[in-house]
Each structure stands twice: as C-alpha cells, then as structure tokens.
Amino acid sequence: MTWYSVRMRAAEGGPHEQGGAHISGGERIVGEEEIEVMVQRLLRRAMTHEKGRPDFINLTVERVPDEGIGSLTALPIRTRPVADLTEGRAVAVELLEACGIDSRIAQYAVDLIAGGPAPDGGAMRGAIVLDADTGERLETDPARGVRISKIDWAPDALAAWREQVAANGLANERIAEAVALATKVTSTPGTVAELCWSDDPGYVAGYVASQRLGYVRIPYLKPLGSPLGGRVYLVRGVRDAAAYERELQVPALVQAIPPQPYLNEEGELSKR
Ligand code: AMP
C-alpha cells in the first residue's frame, strides 16, 4: 500500500510566516485513491471555518514510504464531567498534577492557552513546548510552535474505534483527529502530558492526555465564542525543540485500539 501525507494550513492576513492569523489546519495520511477527496475536504474545512475567511491556504501532498510508517495504539478515552469552565480548568490542573507536574506549572500551562499563546495574543499554528520542571517555553518560534504532522488512523482501526465509542457520543471526526494527535505526542519520548483546547469559537471542550491517564476529555475549558485555544506539550529532558518536533513528524498510523477504548470509571483508570 502506498500512503500519502495530505496536510493543510490556512491563514488570514497573509501566510503564517508573514504574520497571517491562523485559521485552520489538518494532517491526514491516505491511500492514493483518496487523495483527491481529502484535498477537497481539507480545502472546504479551510474555506468554511468559523474563525474567518483565509486568504492563504497551503495544501501539501507528499508520498510517505510504507516502510517508514510507525504503528501506534490509540489512547483510551474517558470523559471527566465538569459543570463549567472554572471547574474544567481546575480539573485540567489536577490531571496534570497526577502526571507528576507541579501545580504552579500546570496552572501556568492553562494560563498560557487562556491568555492567547501567540505573541500577538491570538492562537498559534502549532503547540507550545513547556519544560515540565522549569516552566520554560522551548519552542523557537512562539507564533508557530511545533506541529505534529504525518499522522492519521488506519481505516480499519478508525472504523473499530468509532463503533466502540459511538454509544458515548464521541465518534466524530474532531475527536478522532485529536485522539490521533494525542496518541502520537504522548508516545514520543520526552512527553509527560498534553493540555489542549480548541481555538474554534464554537467548541469549548478540550483534554489532558498522557500515557498513564489516557485521553481525558473535559467538556468545558473556555467560554463559548472565544477564539483562544491551543496545545501545550509538557516535556522532561527535552532541550532541543527542533529535534523533538522531528520526532513528532515521523509518519505514523494509529493501527490498533486498546482493549477498552472507552473508560468511564475512575476505578478502571487507576487499574491501568
Ligand atoms: P484545533 O483543535 O484544530 O482547534 O487546534 C487547537 C490548537 O492546537 C491550534 O490553535 C494550534 O495551536 C494547535 N494545533 C493544531 N494542530 C496541531 C498540530 N498538528 N500539531 C501541533 N499543534 C497543533
């Protein structure tokens, strides 16, 4: 099977590298016969995004050598119910602490996203890389951050996963994409945990993910209507963000699902 990486990034006010504001992005890996459909889907995503009308769209199609594709097992997912965003952010801090991160650094990670992590106070195109012990930001370009690319679900694994989580209302494209990204970053050496919430004004949920916790969805992490969101990768022992990003861009497919893709009980979680 020959695989192709199809990726898209869109900005308004010029290209990202010339200061354009990030509107939308996407990372997929598909077979040759799916390239056209995927290009169309990503283009439509960019052109119809609620954040605005992009005047710059970059679409890249690149063949990925089959032998170079890594195989990942999806993180299990569970939802931690919260009443509002204040509780949601407190739960995010608590979960990061459970990953061995000092509460001040965990709170700082939340504050970074909440305050608009890019230098212009808006959203970044990629993720912040934060030293989990010192709180130092390691990414060299704070407007771009680091980006995961060349990641997707293998079609069979995605179908099996969707079937398993459908009853919990989680079988949508947005969550599937986020689980794939979180699976990739948490399996990359140096990653302690990830914190994420979307910059889409209409989407208020987010998550904390780690190898030990899995993907813990938090239904409220920001006010409805806010264009501020982002990702923080909390790392330990990473000195060179560029080398870390190269690892995040090694092609990989989520080829397997865990024995229990959906965990809802605290008890199930602590047994992991
Ligand atoms: P989204 O969930 O697509 O709304 O993305 C939320 C934020 O996550 C974006 O503003 C970026 O800062 C970051 N982000 C999106 N895609 C990636 C990626 N492939 N790698 C790293 N960070 C990303």
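Things to note:
- Take the convex hull of the alpha carbons in the chain; its mean projected area over all directions comes to 13.5 nm².
- Fewest-first ordering of 187, 103 by other beta carbons within 10 Å of each residue's beta carbon gives 103, 187.
- In sequence order, calculated HN-Hα J values of region 137-143 (Karplus, 6.51, -1.76, 1.60; Hz; x Gly/Pro): 7, 9, 5, 7, 10, x, 8
- Extent along principal axes [Cα atoms of region 134-255; Å; largest to smallest]: 42, 35, 24
- Ellipticity estimate at 222 nm from DSSP helix runs (n ≥ 4, -39,500 (n - 2.57)) divided over the chain, nearest 500: -8500 deg cm²/dmol
- Two-decimal Rg to Rh for region 161-224 - Kirkwood Rh, Cα set: 0.97
- Charge dipole (Cα centre; +1 on Lys/Arg Cβ, -1 on Asp/Glu Cβ; no other charges) of region 173-253 amounts to roughly 260 debye.
- Sorted ascending by nearby beta carbons within 10 Å, beginning with the fewest, 49, 16 become 49, 16.
- Region 93-148 - charge dipole about Cα centre, Lys and Arg +1 at Cβ, Asp and Glu -1, debye rounded to 20: 300
- DSSP-assigned coil residues among GluC sites (Glu not before Pro) in region 176-272, each with at most 13 further Cβ atoms within 10 Å: 265
- For region 18-175, the Kirkwood radius over C-alpha pairs fed into Stokes-Einstein at 37 °C and 0.692 mPa s yields D = 176 µm² per second.
- Bridging of residue 51 to aspartates and glutamates at a Cα separation below 12 Å is possible for 12, 199, 200, once same-chain residues fewer than 8 apart are set aside.
- Burial ordering of 51, 222, 184, fewest other beta-carbon atoms within 10 Å first: 51, 222, 184
- Cα gyration tensor, region 27-86 - rounded (a/c under 1.5), prolate or oblate: oblate
- Take every DSSP beta bridge whose two residues both sit in the chain; close to 70 percent of them are antiparallel.
- Volume per residue that the Cα convex hull of region 1-49 spans, once the total is divided by residue count, Å³: 63
- Lys, Arg +1 and Asp, Glu -1 on Cβ, resulting dipole of region 1-92 about Cα centre, debye, nearest 20: 380
- Selection from 86, 29, 59 lying farthest towards where the dipole of region 1-96 points positive, charges on Cβ: 86
- When the convex hull of its Cα atoms is projected in every direction, mean area for region 86-144 (nm²): 4.0
- Modelled label reach - residue 48, point 7 Å along Cα→Cβ, region 147-173 residues with backbone N closer than 15 Å: 173
Every number here is computed from the coordinates shown, using simple stated rules; none is lab data. Just so we're clear, the structure is a prediction, and the values are computed from it rather than from any experiment. Virtual Cβ from ideal backbone geometry, glycine too; neighbours counted across all protein chains shown.
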